[in-house]
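Asks: Dumping the structure here so I can ask a few things about it.
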Amino acid sequence: AVENDKINLSLNMFSFLQTGQKQIHFSDTSVAVNKSQSILLKKGNCIWTELLDKESSYYCKLLFFSEKQLKSFLTKNNIKKQAENSDLSFFIINNDDFITSYLNSLSIIASKPLQFAQNMLSNKFEELILYLISKYGNAFIAYLYSLISSEPSHFNDIIKSKTYSNLKLEEIAFLCNMSLSTFKRHFRKEYGISPGKWLREKRLERAKELLELGNLKASDIYFNLGYNNLSNFSAAFKKRYGKSPKQIF
């Protein structure tokens, strides 16, 4: 079974995927990346799933940096914001020869004594940011500034974003920075119904809509709508609509 891991990032993070695939859920959106891409993530809560390639194991390199480091870099290099802050939770980087060489250099640094490695990593961080600014321009600068002045998503925005996902209640609560019990109380106060019942209804409604279009089968949609197996989905669907998914045309 594929497991979702709850991640609390206290620092901003580059994830350089070497093999496999990664799916990441944020409070407002989701994204999937493969080994031809790297990704920059804002600090905060997210949920990710690591998927193996058929012929190899999952492996990635991570590079963390603080808001203080970023502010120091922007000031030192006199980099000014030219556009409105990005509202994205992530920034996708397409790997190229520079990124490949950069990752090889990180491996070499890891073998050095700690004192030297830390100083070298500080310089390597600046080298990477300067390169990405030269590659992506104002879009990347705007994203960097959003890492400093980001604001948390509102409760209702998160619910809207994750209604038709395969996330469990406790995972959605995590993205809202709430315990499961607090989340349930807050949800009932906002919507007048338990979150479990509300999500089941919404996801089954979406399933019916998708099946009625005629392009997808139950086996194509059950997992993305939060069901672990086709049998459970079919039973829930029949209980709700009085007919099996196969009978929907």
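The values are calculated or read from the model by the stated rules, or taken from the named source; none is laboratory data. Quantities reported herein were computed from a predicted structural model and do not represent experimental measurements. Cβ coordinates were reconstructed from backbone atoms using ideal geometry, including for glycine residues, and neighbour counts include every protein chain displayed. Ligands, DNA and RNA are excluded from the accessible area calculation, which covers all protein heavy atoms including side chains. Shrake-Rupley method; radii C 1.70, N 1.55, O 1.52, S 1.80 Å.
Asks: If I go through region 131-159 residue by residue, how many of them are open to solvent by 10 Å² or more (accessible area, probe 1.4 Å), in contact with a helix residue (DSSP H, G or I) (Cβ under 7 Å, 6 or more places away or on another chain), among the hydrophobic types (A, V, I, L, M, F, W, C) and at pLDDT 90 or above?
Replies: Qualifying residue count, region 131-159: 2.
Asks: Another one. All but one of (1) open to solvent by 10 Å² or more (accessible area, probe 1.4 Å); (2) of a type outside the set (Asp, Glu); (3) under 15 Å from Ile47 (Cα atoms) hold for Lys162, so report the exception by its number.
Replies: With respect to (1) open to solvent by 10 Å² or more (accessible area, probe 1.4 Å); (2) of a type outside the set (Asp, Glu); (3) under 15 Å from Ile47 (Cα atoms), Lys162 is out only on (1).
Asks: Taking only region 202-249 into account, find how many residues are touching an Asp or Glu at 6+ places or on another chain (Cβ under 9 Å) and either open to solvent by less than 80 Å² (accessible area, probe 1.4 Å) or modelled with pLDDT under 90 (or both). Walk me through it before giving the result.
Replies: So in region 202-249, the residues touching an Asp or Glu at 6+ places or on another chain (Cβ under 9 Å) come out as 210, 240, 248-249.
If we keep only those that are either open to solvent by less than 80 Å² (accessible area, probe 1.4 Å) or modelled with pLDDT under 90 (or both) too, we end up with 210, 248-249.
Number of matching residues: 3.
Rundown of residues vs (1) farther than 21 Å from Leu175 by Cβ; (2) part of a strand (DSSP E or B); (3) aromatic (Phe, Trp, Tyr), yes/no style:
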| residue | (1), (2), (3) |
| --- | --- |
| Val33 | no, yes, no |
| Trp48 | no, yes, yes |
| Gln69 | yes, no, no |
| Gln82 | yes, no, no |
| Asp87 | no, no, no |
| Ile93 | yes, yes, no |
| Tyr102 | yes, no, yes |
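Asks: Consider Lys124 carefully, then state whether it is open to solvent by 50 Å² or more (accessible area, probe 1.4 Å) and either assigned to a helix (DSSP H, G or I) or of a type in the set (Asp, Glu) (or both). Give the steps one after another, and end with the answer.
Replies: Numbers: open to solvent by 50 Å² or more (accessible area, probe 1.4 Å): no; either assigned to a helix (DSSP H, G or I) or of a type in the set (Asp, Glu) (or both): yes.
Judged against the criteria, Lys124 is not a match.
Asks: Restricting the search to region 11-32, which residues are surrounded by 19 or more Cβ atoms within 10 Å (Cβ to Cβ) and free of Cβ contacts under 8 Å to residues at least 60 places away in the same chain?
Replies: Ser15, Leu17, Lys22
Asks: I'm trying to understand the selection: among the residues of region 175-186, which are in contact (Cβ under 8 Å) with a residue 24 or more places away in the chain and under 23 Å from the mean Cα position of the chain (by Cα)? Give the derivation first.
Replies: Step one: list which residues in region 175-186 are in contact (Cβ under 8 Å) with a residue 24 or more places away in the chain, which gives 175-177, 186.
Residues satisfying the conditions are Leu175, Cys176, Asn177.
Asks: Another one. Please work out if Glu190 is part of a helix (DSSP H, G or I), under 20 Å from Ile24 (Cα atoms) and touching a helix residue (DSSP H, G or I) at 6+ places or on another chain (Cβ under 9 Å). If you could, list the steps in order and put the result at the bottom.
Replies: Working: part of a helix (DSSP H, G or I): yes; under 20 Å from Ile24 (Cα atoms): no; touching a helix residue (DSSP H, G or I) at 6+ places or on another chain (Cβ under 9 Å): yes.
Criteria not met by Glu190.
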